[in-house]
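Read the structure below first, then the notes.
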Amino acid sequence: MERMDGNRILPVVGIIVVVLLLMGVFVMGIYNGEVSRNQNVDAQWSNVETEYQKRFDLVPQLVNVVKGAANFEQETLTQLSELRTQWQTQTNVNDKIETANQFESTLSKLLLVAENYPTLQSNEQFQTLQIQLEGIENRISVERKKYNDTAREYNTYIQVFPNTFFLGGKKAKEYFESAPGSENAPEVPSDFTN
């Protein structure tokens, strides 16, 4: 058997080291790309939370105006307060998304019923709160879309080959989706219609 001399081994070892270094840089790039995209999703979620918090902060004022202007459906007002508290105590993104969807449905019902109260509709404070709420709802919609975009980018990144090979244990981010039944307008109780 012929022995390899030092002059032949050195280039082979050098090639192996270069290949290993390139693979390390490649894997590090995949990992850093995941971290960066994950941070983008978290930052965008913070933007969504900020807008939701603005809406939740507006709710007590809205509830007080509605209570003062009409003999209003107490169950809806109580449910809004409970959902507001539930939102503030939750730490899981998926639970917050679910609570936000429930809140939107209940708030839509409140505003729909409020339309049947002329004294409430002519109340300047109610009108101001409604305008503020519309602005917040528009900003929420924009931030939710941006969140979904960054979540989709993250989910695509961790699921394409070869990234999925190195990042197989990473969980996909949840998307904001319409709540089931949101395509239907909330029903107004018969005792509130004209």
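The values are calculated or read from the model by the stated rules, or taken from the named source; none is laboratory data. If you're wondering where the values come from, they're calculated on a predicted model, not measured in any experiment. Quick reminder, even Gly has a Cβ in these numbers, built from the backbone with ideal geometry, and neighbours come from all protein chains shown.
The set of residues from the stretch 116-151 being basic (Lys, Arg) and farther than 17 Å from residue 100 by Cβ is empty. Here the condition is being assigned to a helix (DSSP H, G or I), within 20 Å of the chain's Cα centre (by Cα) and not β-branched (Val, Ile, Thr); of 62, 10, 22, 58, it holds for 58 alone. With respect to the conditions (1) exposed (fewer than 13 other Cβ atoms within 10 Å of the Cβ); (2) of a type in the set (Ser, Thr, Tyr); (3) within 14 Å of the chain's Cα centre (by Cα), residue 78 lacks only one, and its number is (3). Checking each residue in the stretch 89-105 for being surrounded by 12 or more Cβ atoms within 10 Å (Cβ to Cβ) and either at pLDDT below 85 or in a helix (DSSP H, G or I) (or both) picks out 93, 95, 96, 97, 98, 99, 100, 101, 102, 103, 104, 105. Among the residues of the stretch 22-41, those identified as exposed (fewer than 15 other Cβ atoms within 10 Å of the Cβ) and either free of Cβ contacts under 8 Å to residues at least 24 places away in the same chain or over 18 Å from residue 165 (Cβ atoms) (or both) are 22, 23, 24, 25, 26, 28, 29, 32, 35, 36, 39.
Of the residues making up the stretch 62-86, those that are touching a Phe, Trp or Tyr at 6+ places or on another chain (Cβ under 8 Å) and at pLDDT 75 or above are 62, 65, 66, 80, 83, 84.
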